[in-house]
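Reviewing the structure listed below.
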Amino acid sequence: MNKITILWVDDEIYLLKPHILFLEQKDYKVISCLSGQEALEELKNNHIDIVFLDENMPGISGLETLNEIKAAYNSIPVVMITKSEEELIMEEAIGAKIADYLIKPVNPNQILLSLKKNLDHSRLVSEKTTANYQQEFRKIAMDLITVNTYEEWAELYKKLLYWELRLEETDDSGMIEILESQKTEANNQFGKFIDKNYTTWFKNSNGPVMSHTVFNQLIKPELKDSKTLLIVIDNLRYDQWLAFEDPLASYYRKRKEVPYFSLLPTATQYARNAIFSGLTPLDMEKKYPKWWKNDTDEGGKNLFEEEFLDSQLKRLGLDLKWSYHKISSLKQGKQLAQNFRSQKNNDLTVIVYNFVDMLSHSKTEMEVVKELASDDKAYRSLALSWFKNSPLLQIIQQAQGLGLKLIITTDHGTINVKQPSKVVGDKETSLNLRYKTGRSLSYEEKDVLIAKDPKNIYLPNINVSSSFIFAKNDLFFAYPNNFNHYVNYYRNTYQHGGVSLQEMIIPFTVLEPK
(Lines give C-alpha, C1' and ligand atoms only; values in the text may rest on other atoms or scores of the structure.)
Protein backbone atom coordinates (compact mmCIF):
# COMPACT_ATOMS: atom_id res chain seq x y z
CA MET A 1 0.00 0.00 0.00
CA ASN A 2 1.31 3.46 -0.93
CA LYS A 3 1.94 5.87 1.91
CA ILE A 4 -0.46 8.81 2.28
CA THR A 5 1.34 11.86 0.89
CA ILE A 6 0.94 15.26 2.55
CA LEU A 7 1.94 18.51 0.87
CA TRP A 8 2.72 21.08 3.60
CA VAL A 9 3.03 24.67 2.40
CA ASP A 10 4.47 27.26 4.81
CA ASP A 11 7.06 30.01 4.39
CA GLU A 12 8.40 29.05 7.84
CA ILE A 13 8.47 25.34 7.18
CA TYR A 14 11.73 24.89 9.15
CA LEU A 15 9.74 25.65 12.35
CA LEU A 16 7.50 22.68 11.61
CA LYS A 17 10.26 20.04 11.55
CA PRO A 18 9.03 18.35 14.78
CA HIS A 19 5.51 18.04 13.30
CA ILE A 20 6.88 16.55 10.09
CA LEU A 21 9.00 14.02 12.00
CA PHE A 22 5.95 13.06 14.07
CA LEU A 23 3.92 12.39 10.92
CA GLU A 24 6.73 10.44 9.29
CA GLN A 25 6.91 8.23 12.40
CA LYS A 26 3.18 7.60 11.85
CA ASP A 27 4.10 6.37 8.33
CA TYR A 28 2.91 9.44 6.41
CA LYS A 29 5.04 10.90 3.60
CA VAL A 30 5.46 14.69 3.84
CA ILE A 31 6.54 16.96 0.98
CA SER A 32 7.27 20.49 2.17
CA CYS A 33 7.54 23.78 0.26
CA LEU A 34 7.82 27.48 1.06
CA SER A 35 5.30 29.20 -1.23
CA GLY A 36 2.07 28.85 -3.11
CA GLN A 37 3.88 28.80 -6.42
CA GLU A 38 6.08 25.90 -5.30
CA ALA A 39 2.97 24.08 -4.06
CA LEU A 40 1.32 24.28 -7.49
CA GLU A 41 4.47 22.84 -9.09
CA GLU A 42 4.58 19.98 -6.57
CA LEU A 43 0.93 19.17 -7.30
CA LYS A 44 1.76 18.88 -11.00
CA ASN A 45 4.62 16.46 -10.36
CA ASN A 46 3.42 14.32 -7.45
CA HIS A 47 0.41 12.37 -6.29
CA ILE A 48 -0.84 14.35 -3.27
CA ASP A 49 -3.53 13.08 -0.89
CA ILE A 50 -3.99 16.23 1.23
CA VAL A 51 -2.59 19.77 1.46
CA PHE A 52 -1.77 21.73 4.64
CA LEU A 53 -1.71 25.37 3.56
CA ASP A 54 -0.47 28.42 5.48
CA GLU A 55 -2.75 31.42 4.93
CA ASN A 56 -0.13 34.21 5.32
CA MET A 57 2.76 33.78 2.83
CA PRO A 58 4.76 36.14 0.60
CA GLY A 59 3.96 36.10 -3.11
CA ILE A 60 0.57 34.57 -3.82
CA SER A 61 -1.36 34.32 -0.55
CA GLY A 62 -2.79 31.20 1.00
CA LEU A 63 -6.32 32.08 -0.15
CA GLU A 64 -5.11 32.71 -3.71
CA THR A 65 -3.23 29.39 -3.65
CA LEU A 66 -6.35 27.69 -2.30
CA ASN A 67 -8.42 28.97 -5.23
CA GLU A 68 -5.77 27.78 -7.70
CA ILE A 69 -5.70 24.32 -6.09
CA LYS A 70 -9.48 24.01 -6.08
CA ALA A 71 -9.70 25.07 -9.71
CA ALA A 72 -7.22 22.40 -10.85
CA TYR A 73 -7.46 19.66 -8.18
CA ASN A 74 -10.90 19.99 -6.66
CA SER A 75 -10.95 16.51 -5.12
CA ILE A 76 -7.81 17.06 -3.00
CA PRO A 77 -8.74 18.17 0.54
CA VAL A 78 -7.04 21.38 1.70
CA VAL A 79 -6.56 22.22 5.39
CA MET A 80 -6.00 25.95 5.99
CA ILE A 81 -3.56 26.80 8.82
CA THR A 82 -3.31 30.42 9.97
CA LYS A 83 -2.37 32.73 12.82
CA SER A 84 -5.32 34.94 11.98
CA GLU A 85 -8.67 34.57 13.68
CA GLU A 86 -10.32 37.15 11.41
CA GLU A 87 -13.88 36.11 10.59
CA LEU A 88 -13.56 37.35 7.00
CA ILE A 89 -10.62 35.01 6.29
CA MET A 90 -12.48 32.09 7.84
CA GLU A 91 -15.55 32.82 5.70
CA GLU A 92 -13.48 33.07 2.51
CA ALA A 93 -11.70 29.82 3.25
CA ILE A 94 -14.91 27.99 4.12
CA GLY A 95 -16.55 29.44 1.01
CA ALA A 96 -13.74 27.91 -1.05
CA LYS A 97 -14.64 24.51 0.45
CA ILE A 98 -11.64 23.86 2.66
CA ALA A 99 -11.58 20.51 4.44
CA ASP A 100 -10.55 21.95 7.82
CA TYR A 101 -9.40 25.22 9.47
CA LEU A 102 -6.65 25.22 12.13
CA ILE A 103 -5.33 28.16 14.18
CA LYS A 104 -1.58 28.38 14.92
CA PRO A 105 0.14 27.20 16.98
CA VAL A 106 -1.03 23.70 16.10
CA ASN A 107 0.08 20.58 17.95
CA PRO A 108 0.83 17.22 16.29
CA ASN A 109 -2.36 15.58 17.56
CA GLN A 110 -4.49 18.31 15.93
CA ILE A 111 -2.77 17.53 12.64
CA LEU A 112 -3.30 13.79 13.12
CA LEU A 113 -6.98 14.30 13.93
CA SER A 114 -7.45 16.43 10.80
CA LEU A 115 -5.80 13.72 8.69
CA LYS A 116 -8.03 10.99 10.08
CA LYS A 117 -11.13 13.14 9.72
CA ASN A 118 -10.43 13.89 6.07
CA LEU A 119 -8.70 10.75 4.81
CA ASP A 120 -9.83 7.98 7.14
CA HIS A 121 -13.33 9.30 7.82
CA SER A 122 -15.19 6.86 5.53
CA ARG A 123 -13.33 3.82 6.81
CA LEU A 124 -13.73 4.79 10.48
CA VAL A 125 -17.45 5.58 10.05
CA SER A 126 -17.97 2.33 8.14
CA GLU A 127 -16.27 0.23 10.82
CA LYS A 128 -18.12 1.96 13.65
CA THR A 129 -21.49 1.73 11.88
CA THR A 130 -21.02 -1.96 11.15
CA ALA A 131 -20.02 -2.69 14.74
CA ASN A 132 -23.00 -0.74 16.10
CA TYR A 133 -25.47 -2.49 13.78
CA GLN A 134 -24.06 -5.89 14.80
CA GLN A 135 -24.87 -4.96 18.39
CA GLU A 136 -28.33 -3.67 17.41
CA PHE A 137 -29.15 -6.70 15.23
CA ARG A 138 -30.05 -8.92 18.19
CA LYS A 139 -32.23 -6.25 19.76
CA ILE A 140 -34.15 -5.76 16.51
CA ALA A 141 -34.55 -9.55 16.19
CA MET A 142 -36.01 -9.66 19.72
CA ASP A 143 -38.27 -6.70 18.99
CA LEU A 144 -39.66 -8.56 15.96
CA ILE A 145 -40.80 -11.31 18.30
CA THR A 146 -42.43 -9.03 20.88
CA VAL A 147 -43.74 -6.02 18.94
CA ASN A 148 -47.49 -5.88 19.40
CA THR A 149 -48.82 -2.33 18.95
CA TYR A 150 -48.98 0.08 16.05
CA GLU A 151 -46.76 2.52 17.98
CA GLU A 152 -44.10 -0.17 18.39
CA TRP A 153 -44.31 -1.03 14.69
CA ALA A 154 -43.82 2.60 13.69
CA GLU A 155 -40.76 2.87 15.94
CA LEU A 156 -39.33 -0.42 14.70
CA TYR A 157 -39.77 0.64 11.07
CA LYS A 158 -38.03 3.96 11.73
CA LYS A 159 -35.18 2.07 13.44
CA LEU A 160 -34.77 -0.19 10.38
CA LEU A 161 -34.70 2.88 8.14
CA TYR A 162 -32.10 4.53 10.38
CA TRP A 163 -29.78 1.56 9.94
CA GLU A 164 -30.53 1.30 6.24
CA LEU A 165 -29.43 4.90 5.70
CA ARG A 166 -26.36 4.44 7.92
CA LEU A 167 -25.24 1.18 6.33
CA GLU A 168 -25.63 2.43 2.78
CA GLU A 169 -22.77 4.85 3.53
CA THR A 170 -20.49 1.88 4.20
CA ASP A 171 -18.98 -0.68 1.86
CA ASP A 172 -20.16 -3.63 3.92
CA SER A 173 -22.49 -5.48 1.54
CA GLY A 174 -22.77 -8.34 4.02
CA MET A 175 -24.34 -6.14 6.69
CA ILE A 176 -26.68 -4.58 4.11
CA GLU A 177 -27.87 -8.07 3.11
CA ILE A 178 -28.51 -8.91 6.77
CA LEU A 179 -30.55 -5.74 7.18
CA GLU A 180 -32.56 -6.57 4.03
CA SER A 181 -33.38 -9.96 5.53
CA GLN A 182 -34.53 -8.23 8.73
CA LYS A 183 -36.77 -5.91 6.70
CA THR A 184 -38.29 -8.95 4.96
CA GLU A 185 -38.92 -10.67 8.27
CA ALA A 186 -40.36 -7.44 9.67
CA ASN A 187 -42.83 -7.26 6.78
CA ASN A 188 -43.82 -10.91 7.33
CA GLN A 189 -44.62 -10.16 10.97
CA PHE A 190 -46.24 -6.83 10.12
CA GLY A 191 -48.60 -8.59 7.69
CA LYS A 192 -49.73 -10.89 10.52
CA PHE A 193 -50.18 -7.89 12.81
CA ILE A 194 -52.35 -6.05 10.26
CA ASP A 195 -54.36 -9.21 9.58
CA LYS A 196 -55.15 -9.47 13.29
CA ASN A 197 -55.72 -5.80 14.19
CA TYR A 198 -56.66 -3.71 11.15
CA THR A 199 -60.44 -4.21 11.42
CA THR A 200 -60.46 -3.14 15.08
CA TRP A 201 -58.89 0.26 14.26
CA PHE A 202 -62.19 1.44 12.80
CA LYS A 203 -64.21 0.35 15.81
CA ASN A 204 -62.44 2.00 18.73
CA SER A 205 -60.66 5.25 19.51
CA ASN A 206 -57.36 3.53 20.36
CA GLY A 207 -56.28 2.96 16.77
CA PRO A 208 -53.60 4.97 14.97
CA VAL A 209 -54.10 8.17 13.02
CA MET A 210 -55.15 7.04 9.54
CA SER A 211 -55.84 8.61 6.17
CA HIS A 212 -59.43 9.55 6.97
CA THR A 213 -58.59 10.99 10.41
CA VAL A 214 -55.26 12.74 9.71
CA PHE A 215 -56.84 16.08 8.78
CA ASN A 216 -59.02 16.31 11.88
CA GLN A 217 -56.46 14.91 14.33
CA LEU A 218 -53.17 16.36 13.04
CA ILE A 219 -53.78 19.13 10.50
CA LYS A 220 -56.72 20.97 12.07
CA PRO A 221 -54.88 21.79 15.35
CA GLU A 222 -52.04 23.38 13.33
CA LEU A 223 -54.38 25.82 11.54
CA LYS A 224 -55.28 27.86 14.63
CA ASP A 225 -52.22 30.03 15.10
CA SER A 226 -50.56 30.70 11.72
CA LYS A 227 -50.96 30.69 7.97
CA THR A 228 -50.07 27.24 6.70
CA LEU A 229 -48.79 25.54 3.56
CA LEU A 230 -49.88 21.89 3.40
CA ILE A 231 -47.97 19.79 0.85
CA VAL A 232 -49.14 16.26 0.06
CA ILE A 233 -46.42 14.53 -1.99
CA ASP A 234 -48.06 11.54 -3.63
CA ASN A 235 -46.41 8.17 -2.97
CA LEU A 236 -43.67 9.48 -0.66
CA ARG A 237 -41.96 6.72 1.30
CA TYR A 238 -40.66 7.41 4.80
CA ASP A 239 -37.04 6.90 3.72
CA GLN A 240 -37.49 9.47 0.93
CA TRP A 241 -38.82 11.97 3.43
CA LEU A 242 -35.74 11.40 5.61
CA ALA A 243 -33.58 12.16 2.56
CA PHE A 244 -35.56 15.37 1.88
CA GLU A 245 -34.89 16.73 5.37
CA ASP A 246 -31.36 17.91 4.61
CA PRO A 247 -32.16 20.38 1.77
CA LEU A 248 -35.18 21.59 3.78
CA ALA A 249 -33.04 22.39 6.83
CA SER A 250 -31.78 25.64 5.29
CA TYR A 251 -35.28 27.08 5.38
CA TYR A 252 -37.32 25.23 8.01
CA ARG A 253 -36.80 23.54 11.36
CA LYS A 254 -38.80 20.45 12.22
CA ARG A 255 -41.16 20.89 15.15
CA LYS A 256 -43.15 17.68 15.00
CA GLU A 257 -42.97 14.34 13.21
CA VAL A 258 -45.68 11.72 13.54
CA PRO A 259 -45.76 8.42 11.65
CA TYR A 260 -49.32 7.68 10.62
CA PHE A 261 -51.00 4.82 8.74
CA SER A 262 -52.41 4.75 5.24
CA LEU A 263 -55.70 2.90 5.04
CA LEU A 264 -56.13 -0.06 2.68
CA PRO A 265 -55.82 -0.21 -0.23
CA THR A 266 -52.67 1.91 -0.06
CA ALA A 267 -53.63 3.51 -3.38
CA THR A 268 -54.20 7.13 -4.32
CA GLN A 269 -57.94 6.96 -5.07
CA TYR A 270 -58.60 5.51 -1.61
CA ALA A 271 -55.98 7.08 0.65
CA ARG A 272 -55.77 10.61 -0.76
CA ASN A 273 -59.52 11.01 -1.20
CA ALA A 274 -59.79 9.89 2.45
CA ILE A 275 -57.33 12.62 3.54
CA PHE A 276 -59.29 15.40 1.87
CA SER A 277 -62.79 14.13 2.67
CA GLY A 278 -62.07 13.00 6.23
CA LEU A 279 -64.16 9.92 5.42
CA THR A 280 -63.60 6.24 4.77
CA PRO A 281 -64.10 5.04 1.19
CA LEU A 282 -67.37 3.40 2.22
CA ASP A 283 -68.69 6.70 3.65
CA MET A 284 -67.48 8.64 0.60
CA GLU A 285 -69.46 6.34 -1.67
CA LYS A 286 -72.57 6.73 0.51
CA LYS A 287 -72.42 10.52 1.03
CA TYR A 288 -70.90 11.67 -2.24
CA PRO A 289 -71.75 9.11 -4.95
CA LYS A 290 -71.16 11.72 -7.69
CA TRP A 291 -67.57 12.26 -6.52
CA TRP A 292 -66.60 8.71 -5.64
CA LYS A 293 -65.53 6.18 -8.29
CA ASN A 294 -64.80 2.50 -7.72
CA ASP A 295 -61.92 0.67 -9.40
CA THR A 296 -63.99 -0.55 -12.32
CA ASP A 297 -65.71 2.79 -13.00
CA GLU A 298 -64.60 4.85 -16.00
CA GLY A 299 -62.80 8.18 -15.54
CA GLY A 300 -60.34 9.74 -13.12
CA LYS A 301 -60.53 8.58 -9.52
CA ASN A 302 -59.17 11.74 -7.82
CA LEU A 303 -60.96 14.53 -9.67
CA PHE A 304 -62.89 15.89 -6.68
CA GLU A 305 -60.27 16.35 -3.96
CA GLU A 306 -60.95 20.09 -3.78
CA GLU A 307 -64.68 19.46 -3.35
CA PHE A 308 -63.99 16.80 -0.70
CA LEU A 309 -61.76 19.25 1.17
CA ASP A 310 -64.37 22.00 1.00
CA SER A 311 -66.99 19.68 2.50
CA GLN A 312 -64.63 18.58 5.29
CA LEU A 313 -63.66 22.15 6.23
CA LYS A 314 -67.35 23.05 6.52
CA ARG A 315 -68.10 19.92 8.54
CA LEU A 316 -65.25 20.78 10.94
CA GLY A 317 -66.48 24.36 11.28
CA LEU A 318 -63.28 25.86 9.86
CA ASP A 319 -63.95 29.25 8.29
CA LEU A 320 -60.71 29.72 6.36
CA LYS A 321 -59.46 31.47 3.28
CA TRP A 322 -57.87 28.60 1.37
CA SER A 323 -56.75 27.37 -2.03
CA TYR A 324 -56.01 23.99 -3.59
CA HIS A 325 -53.45 23.20 -6.30
CA LYS A 326 -52.64 19.88 -7.97
CA ILE A 327 -49.26 19.73 -9.70
CA SER A 328 -48.74 16.96 -12.24
CA SER A 329 -46.15 18.51 -14.55
CA LEU A 330 -43.02 20.67 -14.51
CA LYS A 331 -44.93 23.46 -16.27
CA GLN A 332 -47.63 23.53 -13.58
CA GLY A 333 -44.97 23.52 -10.85
CA LYS A 334 -43.09 26.43 -12.41
CA GLN A 335 -46.29 28.44 -12.84
CA LEU A 336 -47.22 28.02 -9.18
CA ALA A 337 -43.66 28.87 -8.10
CA GLN A 338 -43.73 32.06 -10.18
CA ASN A 339 -47.07 33.16 -8.73
CA PHE A 340 -46.78 31.75 -5.21
CA ARG A 341 -46.73 35.13 -3.48
CA SER A 342 -50.38 35.51 -4.50
CA GLN A 343 -51.14 32.85 -1.84
CA LYS A 344 -49.71 34.92 1.02
CA ASN A 345 -53.07 35.99 2.44
CA ASN A 346 -54.49 32.45 2.59
CA ASP A 347 -55.00 30.81 5.95
CA LEU A 348 -54.35 27.48 4.23
CA THR A 349 -52.69 26.69 0.92
CA VAL A 350 -52.87 23.05 -0.17
CA ILE A 351 -50.57 21.56 -2.81
CA VAL A 352 -50.78 18.01 -4.11
CA TYR A 353 -47.52 17.17 -5.89
CA ASN A 354 -47.52 14.09 -8.11
CA PHE A 355 -43.89 13.69 -9.21
CA VAL A 356 -42.78 10.83 -6.93
CA ASP A 357 -45.79 8.75 -7.99
CA MET A 358 -44.96 9.40 -11.66
CA LEU A 359 -41.37 8.34 -10.95
CA SER A 360 -42.64 5.09 -9.46
CA HIS A 361 -44.78 4.32 -12.51
CA SER A 362 -41.99 5.37 -14.90
CA LYS A 363 -39.74 2.68 -13.39
CA THR A 364 -42.23 0.11 -14.64
CA GLU A 365 -42.60 1.59 -18.10
CA MET A 366 -39.19 3.08 -19.02
CA GLU A 367 -35.92 1.15 -19.22
CA VAL A 368 -33.78 4.19 -18.40
CA VAL A 369 -35.66 4.75 -15.13
CA LYS A 370 -35.33 1.04 -14.31
CA GLU A 371 -31.57 1.54 -14.54
CA LEU A 372 -31.56 4.78 -12.53
CA ALA A 373 -33.79 3.42 -9.76
CA SER A 374 -32.56 -0.17 -9.63
CA ASP A 375 -32.95 -0.51 -5.84
CA ASP A 376 -34.17 1.44 -2.80
CA LYS A 377 -30.93 3.39 -2.46
CA ALA A 378 -30.99 4.49 -6.10
CA TYR A 379 -34.73 5.22 -5.98
CA ARG A 380 -34.22 7.39 -2.91
CA SER A 381 -31.29 9.19 -4.56
CA LEU A 382 -33.30 9.86 -7.72
CA ALA A 383 -36.20 11.29 -5.72
CA LEU A 384 -33.81 13.50 -3.72
CA SER A 385 -32.14 14.78 -6.89
CA TRP A 386 -35.56 15.73 -8.26
CA PHE A 387 -36.57 17.47 -5.02
CA LYS A 388 -33.40 19.56 -4.79
CA ASN A 389 -33.95 20.91 -8.31
CA SER A 390 -37.74 21.09 -8.33
CA PRO A 391 -40.25 23.95 -8.35
CA LEU A 392 -41.54 22.43 -5.11
CA LEU A 393 -38.35 23.41 -3.26
CA GLN A 394 -38.62 26.90 -4.81
CA ILE A 395 -42.18 27.12 -3.47
CA ILE A 396 -40.98 26.04 -0.01
CA GLN A 397 -38.25 28.71 -0.10
CA GLN A 398 -40.89 31.35 -0.85
CA ALA A 399 -43.15 30.00 1.88
CA GLN A 400 -40.32 30.44 4.36
CA GLY A 401 -39.90 34.05 3.21
CA LEU A 402 -43.62 34.63 3.79
CA GLY A 403 -43.40 33.11 7.29
CA LEU A 404 -45.75 30.22 6.52
CA LYS A 405 -45.91 27.14 8.68
CA LEU A 406 -45.15 24.06 6.55
CA ILE A 407 -46.81 20.67 6.78
CA ILE A 408 -45.46 17.87 4.59
CA THR A 409 -47.16 14.51 4.33
CA THR A 410 -48.24 11.88 1.82
CA ASP A 411 -51.08 9.50 1.04
CA HIS A 412 -49.18 6.20 0.96
CA GLY A 413 -45.76 4.71 0.27
CA THR A 414 -44.55 2.08 -2.17
CA ILE A 415 -42.57 -1.17 -2.19
CA ASN A 416 -40.13 -2.80 -4.58
CA VAL A 417 -41.95 -5.99 -5.55
CA LYS A 418 -39.88 -9.13 -6.01
CA GLN A 419 -42.04 -12.27 -5.98
CA PRO A 420 -45.22 -13.13 -7.97
CA SER A 421 -48.35 -14.59 -6.44
CA LYS A 422 -50.86 -16.21 -8.78
CA VAL A 423 -54.39 -14.83 -8.82
CA VAL A 424 -57.44 -15.54 -10.98
CA GLY A 425 -60.46 -13.28 -11.41
CA ASP A 426 -63.23 -12.44 -13.86
CA LYS A 427 -63.25 -9.58 -16.37
CA GLU A 428 -64.51 -7.16 -13.72
CA THR A 429 -61.53 -7.70 -11.40
CA SER A 430 -59.46 -4.57 -10.69
CA LEU A 431 -56.06 -4.28 -12.34
CA ASN A 432 -53.79 -3.15 -9.47
CA LEU A 433 -50.78 -5.41 -8.80
CA ARG A 434 -50.88 -5.11 -4.99
CA TYR A 435 -54.62 -5.47 -4.38
CA LYS A 436 -57.58 -6.95 -6.21
CA THR A 437 -61.31 -6.49 -5.83
CA GLY A 438 -63.90 -8.53 -7.66
CA ARG A 439 -66.04 -11.66 -7.58
CA SER A 440 -64.83 -15.24 -7.46
CA LEU A 441 -61.20 -14.39 -6.80
CA SER A 442 -58.82 -17.35 -6.61
CA TYR A 443 -55.52 -16.78 -4.79
CA GLU A 444 -52.84 -18.14 -2.46
CA GLU A 445 -54.26 -17.49 1.00
CA LYS A 446 -50.84 -17.33 2.67
CA ASP A 447 -49.85 -14.43 0.42
CA VAL A 448 -52.75 -12.08 1.13
CA LEU A 449 -54.87 -10.23 3.63
CA ILE A 450 -58.47 -11.09 2.79
CA ALA A 451 -61.57 -8.90 3.22
CA LYS A 452 -64.46 -11.15 2.20
CA ASP A 453 -66.89 -8.50 3.40
CA PRO A 454 -65.29 -5.15 2.44
CA LYS A 455 -67.68 -3.23 4.70
CA ASN A 456 -65.81 -4.62 7.72
CA ILE A 457 -62.84 -2.44 6.73
CA TYR A 458 -65.04 0.39 5.44
CA LEU A 459 -64.59 -0.29 1.74
CA PRO A 460 -67.45 -0.24 -0.77
CA ASN A 461 -68.70 -3.41 -2.47
CA ILE A 462 -68.43 -3.08 -6.22
CA ASN A 463 -70.82 -6.03 -6.46
CA VAL A 464 -72.80 -7.88 -3.83
CA SER A 465 -70.34 -10.77 -3.80
CA SER A 466 -67.14 -8.71 -4.26
CA SER A 467 -64.20 -9.15 -1.92
CA PHE A 468 -60.78 -7.50 -1.55
CA ILE A 469 -57.39 -9.13 -1.28
CA PHE A 470 -54.14 -7.30 -0.45
CA ALA A 471 -50.65 -8.59 -1.24
CA LYS A 472 -48.28 -8.88 1.71
CA ASN A 473 -44.54 -8.21 1.92
CA ASP A 474 -42.96 -7.75 -1.54
CA LEU A 475 -45.40 -9.92 -3.53
CA PHE A 476 -47.27 -8.83 -6.64
CA PHE A 477 -50.26 -10.44 -8.30
CA ALA A 478 -49.79 -12.16 -11.66
CA TYR A 479 -52.33 -13.97 -13.82
CA PRO A 480 -51.52 -17.54 -14.93
CA ASN A 481 -51.99 -16.59 -18.56
CA ASN A 482 -48.66 -15.44 -20.02
CA PHE A 483 -47.24 -15.72 -16.50
CA ASN A 484 -43.51 -15.56 -17.26
CA HIS A 485 -43.76 -12.45 -19.42
CA TYR A 486 -45.89 -10.73 -16.79
CA VAL A 487 -43.48 -11.62 -14.00
CA ASN A 488 -40.38 -10.48 -15.89
CA TYR A 489 -42.04 -7.17 -16.76
CA TYR A 490 -43.16 -6.25 -13.23
CA ARG A 491 -40.51 -7.80 -11.00
CA ASN A 492 -38.29 -5.14 -9.33
CA THR A 493 -40.77 -2.35 -9.97
CA TYR A 494 -42.32 -0.07 -7.34
CA GLN A 495 -45.99 -0.77 -6.62
CA HIS A 496 -48.50 0.17 -3.95
CA GLY A 497 -51.92 -0.87 -2.74
CA GLY A 498 -50.94 -3.71 -0.42
CA VAL A 499 -49.75 -4.45 3.11
CA SER A 500 -46.16 -3.52 3.97
CA LEU A 501 -44.28 -1.20 6.29
CA GLN A 502 -43.15 0.82 3.26
CA GLU A 503 -46.70 1.41 2.00
CA MET A 504 -48.64 1.83 5.24
CA ILE A 505 -46.38 3.70 7.70
CA ILE A 506 -45.93 7.18 6.32
CA PRO A 507 -44.67 10.58 7.56
CA PHE A 508 -46.58 13.60 8.81
CA THR A 509 -44.29 16.51 9.63
CA VAL A 510 -44.79 20.08 10.86
CA LEU A 511 -42.01 22.60 10.23
CA GLU A 512 -41.52 26.20 11.30
CA PRO A 513 -39.73 28.81 9.14
CA LYS A 514 -36.19 29.75 10.18
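The values are calculated or read from the model by the stated rules, or taken from the named source; none is laboratory data. Remember, it's a predicted structure, so these values are computed and weren't measured experimentally. Cβ sites come from the backbone with ideal geometry, for glycine too, and all protein chains shown count toward neighbours.
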For region 329-342, the count of residues that are touching a residue at least 24 places away in the same chain (Cβ under 8 Å) and of a type outside the set (Gly, Ala, Ser) equals 5
Show the residue pairs that are 6+ apart or on different chains and have beta-carbon atoms under 6 Å apart, the first residue being within region 457-485 and more than 16 Å from Gly425 (Cβ to Cβ), the second being of a type in the set (Phe, Trp, Tyr) and surrounded by fewer than 24 Cβ atoms within 10 Å (Cβ to Cβ).
Tyr458/Phe202
Only one of Ile395, Ile457, Ile408 is over 24 Å from the mean Cα position of the chain (by Cα), under 30 Å from Ile219 (Cα atoms) and of a type outside the set (S, T, N, Q). Can you tell me which?
Ile457
Could you tell me which of the residues Asn235, Asn273 is out of contact with any Leu (no Cβ under 6 Å at 6 or more places or on another chain) and farther than 19 Å from Arg380 by Cα?
Asn273
Filter result for Gly413 (surrounded by fewer than 14 Cβ atoms within 10 Å (Cβ to Cβ) and in contact (Cβ under 8 Å) with a residue 40 or more places away in the chain)
no
At least 1 residues that are modelled with pLDDT under 90 and either under 29 Å from the mean Cα position of the chain (by Cα) or more than 23 Å from Gly497 (Cα to Cα) (or both) in each: list the helices (runs of 4 or more DSSP H) lying fully within region 282-369 that qualify.
330-338, 355-365
A careful count of residues in region 370-388 that are modelled with pLDDT under 85, of a type in the set (D, E, K, R) and in contact with a helix residue (DSSP H, G or I) (Cβ under 7 Å, 6 or more places away or on another chain) gives 1
Within region 331-349, can you find the residues that are of a type outside the set (D, E, K, R) and in contact with a helix residue (DSSP H, G or I) (Cβ under 7 Å, 6 or more places away or on another chain)?
Gly333, Leu336, Ala337, Phe340, Leu348, Thr349
Being part of a loop (DSSP other than H, G, I, E, B) and buried (at least 21 other Cβ atoms within 10 Å of the Cβ): is that true of Thr437 here?
no
Sole exception among (1) assigned to a helix (DSSP H, G or I); (2) outside the structural domain of Val352 (by TED's automatic domain parsing) for Glu169, by number
(1)
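Residue-wise test of (1) surrounded by 24 or more Cβ atoms within 10 Å (Cβ to Cβ); (2) out of contact with any Gly (no Cβ under 9 Å at 6 or more places or on another chain); (3) among the β-branched types (Val, Ile, Thr).
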{"residue": "His485", "(1), (2), (3)": "no, yes, no"}
{"residue": "Asn488", "(1), (2), (3)": "no, yes, no"}
{"residue": "Asn492", "(1), (2), (3)": "no, yes, no"}
{"residue": "Leu501", "(1), (2), (3)": "yes, no, no"}
{"residue": "Val510", "(1), (2), (3)": "no, yes, yes"}
Scan region 142-165 for residues that are of a type in the set (Val, Ile, Thr) and buried (at least 16 other Cβ atoms within 10 Å of the Cβ) and jot them down.
Val147
From the residues in region 36-46 that are in contact with a strand residue (DSSP E or B) (Cβ under 7 Å, 6 or more places away or on another chain) and of a type outside the set (A, V, I, L, M, F, W, C), which one is surrounded by the most Cβ atoms within 10 Å (Cβ to Cβ)?
Gly36
Suppose the filter is of a type in the set (Asp, Glu), surrounded by fewer than 22 Cβ atoms within 10 Å (Cβ to Cβ), more than 20 Å from His496 (Cβ to Cβ) and more than 28 Å from the chain's Cα centre (by Cα); does Glu245 pass it?
no
Take Ser205 and tell me if it is polar (S, T, N, Q) and either in a strand (DSSP E or B) or free of Cβ contacts under 8 Å to residues at least 12 places away in the same chain (or both).
yes
Out of Glu245, Glu306, I need the residue that is farther than 24 Å from Lys220 by Cβ and either out of contact with any His (no Cβ under 6 Å at 6 or more places or on another chain) or outside the structural domain of Tyr162 (by TED's automatic domain parsing) (or both). Which one?
Glu245
Selected residue [within 16 Å of Ser500 (Cα to Cα), touching a Phe, Trp or Tyr at 6+ places or on another chain (Cβ under 8 Å) and part of a helix (DSSP H, G or I)] from Asn188, Asn197
Asn197
